[in-house]
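Data block below; observations after.
The values are calculated or read from the model by the stated rules, or taken from the named source; none is laboratory data. As the structure is a computational prediction, the values presented were derived from the model and not from experiment. Cβ sites come from the backbone with ideal geometry, for glycine too, and all protein chains shown count toward neighbours. For accessibility, only protein heavy atoms count, side chains too; no ligands or nucleic acids. Shrake-Rupley method; radii C 1.70, N 1.55, O 1.52, S 1.80 Å.
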Amino acid sequence: MIVETIKLYPEREDVTLTIYVLQDSPELLDGANRPAVLICPGGAYLSCSDREAEPVAMRFAAMGYHAFVLRYSVYLDKHEPFESIFGGVERREHTVFPAAIRDIGKAMLTIHENSEAWLVDTDRIALCGFSAGAHNAATYSVYWDKPILTDHYQVSEEKLRPAATILGYTLSDYLFMKESEKDEMATLLFDASAMSLLGEASSSDDRLKEVSPALLVTDKTPPMFLWATASDALVPVGHTLRMGMALSEQKIPFEMHVFEDGPHGLSLATQATANAKTLVDQNAAKWIDLADAWLMKRFSFELQDETRWD
């Protein structure tokens, strides 16, 4: 495997693409291009979680996909502790929408530019995100063909098109979130997250709709795999249900799994991504195998019928 971290913008250290490119072999695909998964970790637009980064990439690599982890524009830099948000946050221009979806666009273009060297099938690149990263992936999935990206990068839609999107415990509707009940800690977290994403403490409904992918689904939105837990106390499962309903209304293919138990931020829901026992759940951990089966319908390899020894 080739593992390398690339700065997406020469002048910035914070936005990076880490590649996990599988080595080619005559015993495997023998020079054929592989599909890929581009992963956006969560972190409330304040940071990018390590638990939803490399371990997830390794899991997709084990399925036979090239994997990429995008650390997109977030509020805190690597020298700032998470607790610093408790002292209040203020607007930072480099994080304000559409910065994070443009980071995904830049990552997609970088993969396209290197597709020959990395043997990537650019027609089959999936996005995978968790929490805020899922929101970023979902938002990109409804904007990928719009001037906010195509004109910004002066490229055709096809260079930016995701073939599929996988969303874990996504936030999909800021108008719904605005009305949801939140405790004091959740309120503080979401206010800080909104400041990072929108650059203001209180936004108009029109502005909130701009970052509510469940309200912006079109017939060009890619197929989606959605999963969440019914007991998520931080991002209510209603966000996943609303996304599913929006996809259904536009007749976009989708699959949804809601597991009964499990807190927010499960990632793989195994010891590989847990820092506490509450983040290990054997039932919710089934999501990755279900996603594997779902991807197989779209990303199956072109294999010969038999080995040459049969």
Which members of the range 183-207 meet the condition of being free of Cβ contacts under 8 Å to residues at least 24 places away in the same chain and touching a Leu at 6+ places or on another chain (Cβ under 8 Å)?
ARG207
Against the condition open to solvent by 10 Å² or more (accessible area, probe 1.4 Å) and not in a strand (DSSP E or B), how does LEU76 come out, does it pass?
yes
Within the set of pairs 6 or more residues apart or between chains, which connect a residue that is over 14 Å from VAL237 (Cβ atoms) inside the range 257-273 to a residue that is open to solvent by 50 Å² or more (accessible area, probe 1.4 Å) and β-branched (Val, Ile, Thr) with Cβ atoms less than 8 Å apart?
ALA269/VAL280; THR270/VAL280; GLN271/VAL280
Exactly one condition in (1) in contact with a Phe, Trp or Tyr (Cβ under 8 Å, 6 or more places away or on another chain); (2) at pLDDT 95 or above; (3) under 19 Å from PRO236 (Cβ atoms) is false for ALA164; which is it?
(3)
Condition test on MET256, is it more than 22 Å from SER47 (Cβ to Cβ), open to solvent by 20 Å² or more (accessible area, probe 1.4 Å), of a type in the set (A, V, I, L, M, F, W, C) and outside any helix (DSSP H, G or I)?
yes
Within the range 262-278, restricting attention to residues that are of a type in the set (Gly, Ala, Ser) and in a loop (DSSP other than H, G, I, E, B), which residue is nearest to the chain's Cα centre (by Cα)?
SER267
Helices (runs of 4 or more DSSP H) contained in the range 182-250 and holding at least 3 residues within 30 Å of ALA293 (Cα to Cα) and open to solvent by 30 Å² or more (accessible area, probe 1.4 Å):
238-249
In the range 282-310, what count of residues is obtained for those that are under 16 Å from ALA228 (Cα atoms), open to solvent by 30 Å² or more (accessible area, probe 1.4 Å), of a type outside the set (A, V, I, L, M) and touching a strand residue (DSSP E or B) at 6+ places or on another chain (Cβ under 9 Å)?
2
Scan the range 150-177 for residues that are in a helix (DSSP H, G or I), of a type outside the set (Val, Ile, Thr) and either surrounded by 23 or more Cβ atoms within 10 Å (Cβ to Cβ) or touching an Asp or Glu at 6+ places or on another chain (Cβ under 8 Å) (or both) and jot them down.
GLU157, TYR174, LEU175
